[in-house]
Amino acid sequence: MLTLLIYDSKRGGTQQVVTAISQQLTHATAVQSIENFSAEQLSDYDQVLFAAPTYAGSLRKAAATFLEDNHSLLTEKRLFLVNTGIQFDQDKISSQLEAVFPEELRKTAQATVFIGGISLIPKMNLFEKLILKKVFSDNQIPFEPKTDYKRLDMTTLNQLIYQMNQKN
Ligand SMILES: Cc1cc2nc3c(=O)[nH]c(=O)nc-3n(C[C@H](O)[C@H](O)[C@H](O)COP(=O)(O)O)c2cc1C
């Protein structure tokens, strides 16, 4: 089984999570950013994990376009859809997953999950910091502009890794 982990990442948090996942997979694995990925490469892989962060309720344009352009190829893969971000409420997580991943892909995927995220706050611009500060204050979390914020759902992450390691 050849596995591809393909990710979008604006500030680097999703890239860090995907790299950590790759280190726990037991078979041959490639890790690629969607930025320098050509669709023909998809045919080399049996299993594909696609991971992308949420910004204002959506995927970034390049990530959404990637899913649209490669829709039919992706439905032929052992596919895992992974969304990163900061969410605390299970209902919001469910509706976010429905909003960011097309229904047809969710139906064919082995798993569609939200795993939390890593926010590299020092790398963010002022606008991003202000938005995040509001989210943090709404959830009674202290906002520290010079420190990365990490909140990962380890149960979901470990299940995902377990599931991906099931096929040889
Ligand atoms: C301006 C802004 C908007 C965001 N909107 C959302 C959102 O709607 N839902 C969510 O779950 N997380 C949201 N986040 C959190 C990011 O998805 C989170 O920081 C993510 O880990 C960033 O990944 P990256 O470093 O790979 O770009 C937002 C963050 C910023 C700065």
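Where a number appears in this text, it was derived from the coordinates with a stated rule and is not lab data. Values in this document were obtained by computation on a predicted structure and should not be read as measured data. Because the Cβ atoms are built from the backbone with ideal geometry, glycine has one as well, and the counts that use them run over all protein chains shown.
Quick look at the values:
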| read-out | value |
| --- | --- |
| Residue match in the stretch 76-86 (condition: over 20 Å from the mean Cα position of the chain (by Cα) and within 16 Å of the ligand (Cβ to nearest atom)) | no |
| Residue list for the stretch 101-121, restricted to those being within 16 Å of residue 54 (Cα to Cα) and more than 9 Å from the ligand (Cβ to nearest atom) | 101, 102, 112, 113, 115 |
| For residue 124: the one exception among (1) free of Cβ contacts under 8 Å to residues at least 60 places away in the same chain; (2) near the ligand (Cβ under 10 Å from one of its atoms) | (1) |
| Candidates 78, 106, filtered to the one that is basic (Lys, Arg) and without any contact (Cβ under 8 Å) to a residue 40 or more places away in the chain | 106 |
| Residue 88 loosely packed, with under 15 Cβ neighbours inside 10 Å, in contact (Cβ under 8 Å) with a residue 24 or more places away in the chain and among the aromatic types (Phe, Trp, Tyr) | yes |
| Residue, surrounded by the most Cβ atoms within 10 Å (Cβ to Cβ), within the stretch 13-40, restricted to residues that are among the hydroxyl-bearing types (Ser, Thr, Tyr) and within 16 Å of the ligand (Cβ to nearest atom) | 14 |
| Options 43, 58: the member that is within 16 Å of the ligand (Cβ to nearest atom) and either of a type in the set (Val, Ile, Thr) or loosely packed, with under 15 Cβ neighbours inside 10 Å (or both) | 58 |
